Amino acid sequence: MAACGLAFAACQNPEAKPLSDVSDASKADSLIYYFAQMRGAEYDREAQRDTTLATPEAKKAYVMGVQAGLNATKDNNEAYNRGVFLGMQMAMNFQQFQKDYDIKLNKKVFLEGLAEALSSDSLANPSDMQREFYRLMGEFNSKKEERDNKAATENLSKAAANLKLKAIGENLYGEVTEKADGVQIKDGDEVDATITLAKADGKEIEAPLPTKVKVGSRNLPEPVSEALKSLKSGETGKFATSARTIFGQRSSQIGLEPADVVIMTIKATVAPTEETPKTK
């Protein structure tokens, strides 16, 4: 596939010349082909986290959407093209807002506000507008937080019951699956840990995970610290928590909803020190 990008014309014509002999136009084709391949790879990585994007129908729809965007602008009309760009941004923002807050924003109101701002003889005070905007967003965020908390608690409770896990702490359930005779892990311990994460359906969650941690450290999510403290050195445990508890606002970056259940499998060994004997 990369060779096809190196001389795009050669993919269409078996007798095409090598890249060093082709015209600048063919070099431009290769350049944009490479760029498209990079964007395609980005889409595939996203589709690994969100399987609704991985179907042939979704991929076809994606290409059609890109084509619509490419055809949306006009030559030599910067104002129109800026408007198209803002319109596409707002369309995506409207969809995300409805998903996050369960509220459908009114496109007509947005356009009326924009037109009024552009036609007014005197601009409104930007500070006043920002203050009102963030005041209202604060109200929406508070309601969303309450809704996410309730959903996360309910989902986690059901998952823990299905897995027969016992409550360990707030928003954390677990059990020891492989016992050992090591020392009890406590705050401040340096621990070698093997941690795997999965959704409730068993699908692995791709997230950067440390292999050496300090229990109770501010850099370590609280449910991980609490899970470790329920283990002895050398033991393995299975735990359940919520995405919002372990990842907070970063949940969406990992392809999770705040109320999703996260299953942690942790094998932990206290790093040997002069005071701590090695686990047999």
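The values are calculated or read from the model by the stated rules, or taken from the named source; none is laboratory data. Owing to the predicted nature of the structure, the values given are computational and were not obtained by experimental measurement. Cβ: placed from backbone, ideal geometry, glycine included. Neighbour counts: every protein chain shown. When the accessible area is computed, the model is the full protein with side chains, heavy atoms only, and any ligands, DNA or RNA have been set aside. Shrake-Rupley method; radii C 1.70, N 1.55, O 1.52, S 1.80 Å.
Descriptive notes on the structure:
- Looking at segment 28-120, the accessible area is 80 square angstrom per residue; that uses a 1.4 Å probe and ignores ligands, DNA and RNA.
- For segment 159-170, backbone phi angles converted through the Karplus equation (6.51, -1.76, 1.60; θ = phi - 60°) give residue-by-residue couplings of 5, 5, 5, 5, 8, 6, 9, 9, 5, 10, x, 5 Hz, Gly and Pro being listed as x.
- HN-Hα J in Hz across segment 37-52 - Karplus 6.51, -1.76, 1.60, θ = phi - 60°, x for Gly and Pro: 4, 4, 5, x, 5, 4, 4, 4, 5, 5, 5, 5, 8, 10, 5, 5
- Farthest towards the positive end of the charge dipole of the chain, among the residues Thr52, Pro126, Gln253, is the Cα of Thr52, using unit charges on the Cβ of Lys, Arg, Asp and Glu.
- In this structure Met88 has an accessible area near 110 Å², from a 1.4 Å probe over the protein heavy atoms.
- Within the listed set Glu112, Glu139, Glu46, the residue fluctuating most in the Gaussian network model of the chain (springs between alpha-carbon atoms under 10 angstrom) is Glu112.
- Positive-end residue of Pro272, Tyr101, Pro208, charge dipole of the chain with Cβ unit charges: Pro272
- Exposure of Asp29 as accessible area (Å², to 10), given a probe of 1.4 Å and all protein chains: 70
- Across segment 173-186, coupling constants 3J(HN,Hα) worked out from phi with the 6.51/-1.76/1.60 Karplus curve, θ = phi - 60°, read 10, x, 7, 8, 9, 9, 7, 8, 9, x, 6, 5, 6, 9 Hz, and Gly and Pro carry x.
- Close amide-amide hydrogen proximity is noted between Ile168 and Tyr173, Gly174, each under 5 Å apart and 5 or more residues distant or on a separate chain (H modeled in the peptide plane; Pro and chain starts excluded).
- Within the accessible area of segment 38-179, the carbon and sulfur atoms contribute 55%, probe 1.4 Å, all protein chains present.
- In this label model, Lys60 and Arg39 are separated by 2.0 nm, measuring between points 7 Å along each Cα→Cβ vector.
- FRET E, pair Glu145, Lys27, Förster distance 45 Å, beta-carbon r, rounded to 0.05: 0.30
- Debye, to nearest 20: dipole size of segment 22-82, +1 on Lys, Arg Cβ, -1 on Asp, Glu Cβ: 80
- Amide proton proximity set for Gly255, modelled H, under 5 Å, gap of 5+: none
- Three-way shape call for the chain based on the alpha-carbon gyration tensor, with the a/c threshold at 1.5: oblate
- When the chain is treated as a Gaussian network with alpha carbon springs shorter than 10 Å, the biggest mean-square fluctuation among Asn141, Asn76, Asn162 belongs to Asn76.
- Angle between the chain longest axis and helix 56-70 axis [Cα atoms, degrees, rounded to 10]: 40
- Candidate residues Tyr62, Tyr173, Tyr43: accessible-area rank, largest first, probe 1.4 Å: Tyr62, Tyr173, Tyr43
- Cα pair distances of segment 123-239 binned at 5 Å [whole percent]: 2, 9, 15, 17, 16, 12, 8, 6, 5, 4, 3, 2, 1, 0, 0
- Accessible surface calculations at 1.4 Å, restricted to protein heavy atoms, place segment 151-280 at 58 Å² per residue.
- Amide H contacts under 5 Å for Thr177, placed H, 5+ residues apart: Thr236, Gly237, Lys238
- Candidates Ala268, Ala124, Ala61, ranked by Gaussian network fluctuation over the chain, Cα under 10 Å, top entry: Ala124
- The solvent-accessible area of Lys166, taken with every protein chain present and a 1.4 Å probe, is close to 150 Å².
- Stretchable slack from Ala124 to Ala68, in nm (0.36 nm times residue separation minus alpha-carbon distance): 16.7 nm
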